[in-house]
Amino acid sequence: MTQVSIANLDDFCSGHMVVNQDRNILFCNDYLNKLSGLPRNKLINTPIANCFTKASNIFIDSYVFPILLNEKLVQEIQLNWIGLDGVAISVVANIRLVEDGRSFWSMTSCTNRDKLYSELIQTKNKLEEQSQELFLMATTDPLTGLLNRRELLVQADRLSHLVARYSSTYALLTIDVDFFKHVNDTYGHQAGDKVLVNLANILTEGRRTNDLIARVGGEEFVMVLPHMDEKNAFIFAEKLRKKVQSQSVDNLHITVSIGLVVSQKDINKQFDLLLNLSDKALYDAKNSGRNKTAVATH
């Protein structure tokens, strides 16, 4: 190359080099000397294997040159150039092979691009985490981790249509802690929270995949149990009630009252109507002495 052309290539803000068929550098511009941290033209006659990391050399041997031999051109490949003090610098390279075996390399450092990409990935992951946190905040009760009332209505409506499609039924239980105000007033709200968390744990024990469990009010919970008839739903509710009665939280014993309603086959009654019936049954259980299960009639 003439001195004029070499000077012009040194003006480029990208690296350019010519490599002979023995893979030694015949020419490189100033960009690559600076990238290597070496004096001007120090790279001349250096094998290119000395300029790239071990992993990049494996890639060059197994992929780059086989492609060059067949297609004469490789574009937009990422390699790691060895910079000052052995630091690997990511570069994007375009390489062309000519008939006499020489190859012409153009390279640009993509460190800033990789940094930007890494920052974008971190931002994306952070946004996904925040989105997940917002979703949980919008759909669950923060104390117990159960569904909140709004999400229960959304999922129950979907489930009721699914059950109706299979001509099946589902049970709806409304569960309320007896004398919960007395617990809060006597033992404090912290003790009350422990009672609610313990009850939530009991409700979720043995939970089936499609069962829905929600905390819909202060001490009120709802369970939706698909494919369950009234007889089995009553047995389930009574086992649940007795289990709560048999346990204690910090020596504090509680009981619950349960209102129960079961949907009717082939009648797709709206979920909120069944929820009202279950709620009325709950008040029947409360008004008739508490610590019992009352069944609603349609």
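The values are calculated or read from the model by the stated rules, or taken from the named source; none is laboratory data. The structure displayed is predicted, hence computed values, not measured ones. A quick note on method: Cβ atoms are made from the backbone with ideal geometry, for glycine too, and the neighbour counts reach across all protein chains shown. Surface accessibility is based on the protein's heavy atoms, side chains included, excluding ligands, DNA and RNA. Shrake-Rupley method; radii C 1.70, N 1.55, O 1.52, S 1.80 Å.
Condition (residue is aromatic (F, W, Y), modelled with pLDDT of 95 or more and open to solvent by 40 Å² or more (accessible area, probe 1.4 Å)) applied to the stretch 23-43: is it met by at least one residue?
No, the stretch 23-43 contains no residue that is aromatic (F, W, Y), modelled with pLDDT of 95 or more and open to solvent by 40 Å² or more (accessible area, probe 1.4 Å).
A search for C-beta distances below 9 Å between a residue of the stretch 221-239 that is open to solvent by 70 Å² or more (accessible area, probe 1.4 Å) and any residue that is part of a helix (DSSP H, G or I), counting only pairs 6+ apart in sequence or on different chains, returns H227/V163. Among the conditions (1) assigned to a helix (DSSP H, G or I); (2) in contact with a helix residue (DSSP H, G or I) (Cβ under 8 Å, 6 or more places away or on another chain); (3) within 15 Å of T169 (Cβ to Cβ), the only one that L260 does not satisfy is (1).
Among the residues of the stretch 36-48, is any aliphatic (A, V, I, L, M) and more than 23 Å from T111 (Cα to Cα)? Reasoning before the result, please.
Step one: list which residues in the stretch 36-48 are aliphatic (A, V, I, L, M), which gives 38, 43-44, 48.
Imposing the further condition that a residue be more than 23 Å from T111 (Cα to Cα) reduces the set to 44.
So far as the stretch 36-48 goes, yes, one or more of its residues are aliphatic (A, V, I, L, M) and more than 23 Å from T111 (Cα to Cα).
Between T209, T255, the distinction of being polar (S, T, N, Q) and over 30 Å from Q190 (Cβ atoms) belongs to T209 only. Contact map, the stretch 281-296: residues that are under 15 Å from Q245 (Cα atoms) paired with residues that are of a type in the set (D, E) and open to solvent by 30 Å² or more (accessible area, probe 1.4 Å), Cβ distance under 8 Å, separation 6+ or inter-chain. Pairs shown: T293/E238.
Figure legend. Inter-residue proximity from the stretch 195-207: first residues outside any helix (DSSP H, G or I), second residues at pLDDT 95 or above and buried (at least 16 other Cβ atoms within 10 Å of the Cβ), beta-carbon distance below 7 Å, spacing 6+ or different chains. Indicated pairs: R207/I213.
Here S56 fulfils each of the conditions (1) in contact with a Leu (Cβ under 6 Å, 6 or more places away or on another chain); (2) assigned to a strand (DSSP E or B); (3) open to solvent by less than 60 Å² (accessible area, probe 1.4 Å) apart from (2).
With respect to the conditions (1) open to solvent by 30 Å² or more (accessible area, probe 1.4 Å); (2) farther than 23 Å from S248 by Cβ, G206 falls short on a single one, namely (2). Residues in the stretch 83-103 that are in contact (Cβ under 8 Å) with a residue 40 or more places away in the chain and open to solvent by less than 60 Å² (accessible area, probe 1.4 Å) were compared, and the one that is farthest from Y63 (Cα to Cα) is G83. Residues of the stretch 145-167 that are open to solvent by 70 Å² or more (accessible area, probe 1.4 Å) and not in a helix (DSSP H, G or I): Y166 alone. Selection of the stretch 92-144 for residues being assigned to a helix (DSSP H, G or I), of a type outside the set (A, V, I, L, M, F, W, C) and more than 21 Å from the chain's Cα centre (by Cα) yields T111, N112, R113, D114, K115.
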